[in-house]
Amino acid sequence: MRIDIVTIFPEFFATLDVSLLGKARQSGLIQTHVHDLRDVTTDKHRTVDDTPYGGGAGMVMKPEPWGDTLDAILADPESSQRPVLIVPSPAGEPFTQAVAKEFSREEQLIFACGRYEGIDQRVSDHFATRMTVRPISLGDYVLNGGEVASLAMIEAIGRLIPGMVGNPDSLVEESHEDGLLEYPSYTKPAVWRDLEVPEVLLSGNHAAIAAWRHEQQLERTKLIRPDLLPE
Ligand SMILES: CN1CCCC[C@@H]1Cn1ccc2ccc(-c3n[nH]c(N)c3C#N)cc21
């Protein structure tokens with residue numbers, strides 16, 4: 001998978017060189033390209049924003065730098081035929097495990113990290129003929145820009161790419177993977193500050209352990225996220 005990130009804060013993405021994604025990039029599973037939006041500006045102040053038509057507070061990101069940057073990405077011979085343009089936005093479709101899995105199957109993702117009051121709408125409208133444009137929201141709260149959301153999405157998507165995680169079975173028993181929250185986990189010592197590991201986990205009875213874990217998932221989901229339970 002190729003991942004392009006367009007931002008005015010490229011330093012935000014230095015973390016892509018560490019942890020899981022670092023390994024994936026070294027192994028070639030994921031190629032990342034970070035583009036500084038200001039690199040295509042031509043004025044002295046490297047301007048990327050302007051006042052909103054119709055008035056109102058704040059500034060809006062100008063369409064020209066976005067157009068030039070996205071054109072250059074599409075012109076790259078290593079770009080796919082039809083990338084997905086992910087536009088983080090509080091007004092976007094909720095980002096879920098299912099959406100992460102859908103995106104993990106794509107050949108190329110381009111993350112458009114807005115700032116200020118957002119990106120001129122005509123950028124999404126214009127590129128909809130050449131890309132699949134997906135406004136996506138990380139959650140129902142307001143961030144200052146799209147970078148943090150993009151980092152979270154890149155991690156959630158990247159770990160689902162085949163070969164990324166050492167033991168693919170570990171992906172199956174995670175929260176939200178089967179629609180339920182995950183069961184509690186324990187490791188040695190068997191007793192810690194007078195707290196014991198649940199006996200069933202020490203029994204070696206795999207059927208009983210599986211049943212207990214599923215029951216724990218149901219109990220946790222009922223308590224913490226009843227909205228995830230089927231009607
Ligand atoms: C605050 N400021 C005026 C109100 C509108 C948003 C703006 C800030 N802002 C600019 C670009 C941008 C992109 C994503 C998000 C964002 N917020 N919450 C989410 N779940 C997000 C995602 N994903 C916020 C952004």
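Quick look at the values:
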quantity: Average Cα contact separation per residue, the range 1-52, under 8 Å, 6 or more apart, as relative contact order %; calculated: 44
quantity: Rg over Rh [alpha-carbon atoms, Kirkwood Rh] for the chain; calculated: 1.07
quantity: Those trypsin sites (Lys or Arg not before Pro) in the range 26-60 that DSSP places in a loop and that have at most 10 other beta carbons within 10 Å; calculated: 44
quantity: The range 35-136: mean projected area of Cα convex hull, nm²; calculated: 7.3
quantity: Selected from 127, 29, 186, residue furthest toward positive end of dipole (the chain; charges at beta carbon); calculated: 29
quantity: DSSP-defined beta bridges in the chain - what % are antiparallel, rounded to 5; calculated: 15
quantity: Residue among 15, 202, 59 farthest towards the positive dipole end of the chain, charges placed on Cβ; calculated: 15
quantity: Net charge dipole size for the range 1-159 [Lys, Arg +1 and Asp, Glu -1 on Cβ; Debye, nearest 20]; calculated: 380
quantity: Cα pair distances in the range 1-49, grouped into 10 Å bins until the bin that holds the longest one, percent each; calculated: 24, 43, 21, 11
quantity: Estimated 222 nm signal from helices in the chain, with DSSP H stretches of n ≥ 4 weighted -39500 (n - 2.57), rounded to 500; calculated: -9000 deg cm²/dmol
quantity: Accessible area, probe 1.4 Å, largest first, for residues 186, 116; calculated: 186, 116
quantity: Portion, in percent, of the accessible area of the range 17-162 that falls on carbon or sulfur, probe 1.4 Å; calculated: 52
quantity: Heavy-atom surface of the range 1-146, accessible at 1.4 Å and reported per residue (Å²); calculated: 54
quantity: Reachable lysines from residue 222, criterion Cα separation under 28 angstrom, eight or more residues apart if same chain; calculated: 101
quantity: Cross-link reach list, lysines versus residue 44, counting only Cα pairs under 21 Å and skipping chain neighbours closer than eight places; calculated: 62
quantity: Debye log10 I(q)/I(0) for the range 1-93, one point scatterer per Cα, at q = 0.24 Å⁻¹; calculated: -1.35
quantity: For the chain: relative contact order, % (alpha-carbon pairs under 8 angstrom, 6 or more apart); calculated: 19
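The values are calculated or read from the model by the stated rules, or taken from the named source; none is laboratory data. Just so it is clear, the structure is predicted and the values come from calculations on it, not from any experiment. Neighbour counts run over all protein chains shown; Cβ positions are idealised from the backbone, glycine included. Side chains are part of the model used for accessible areas, which takes the heavy atoms of the whole protein and leaves out ligands, DNA and RNA. Shrake-Rupley method; radii C 1.70, N 1.55, O 1.52, S 1.80 Å.
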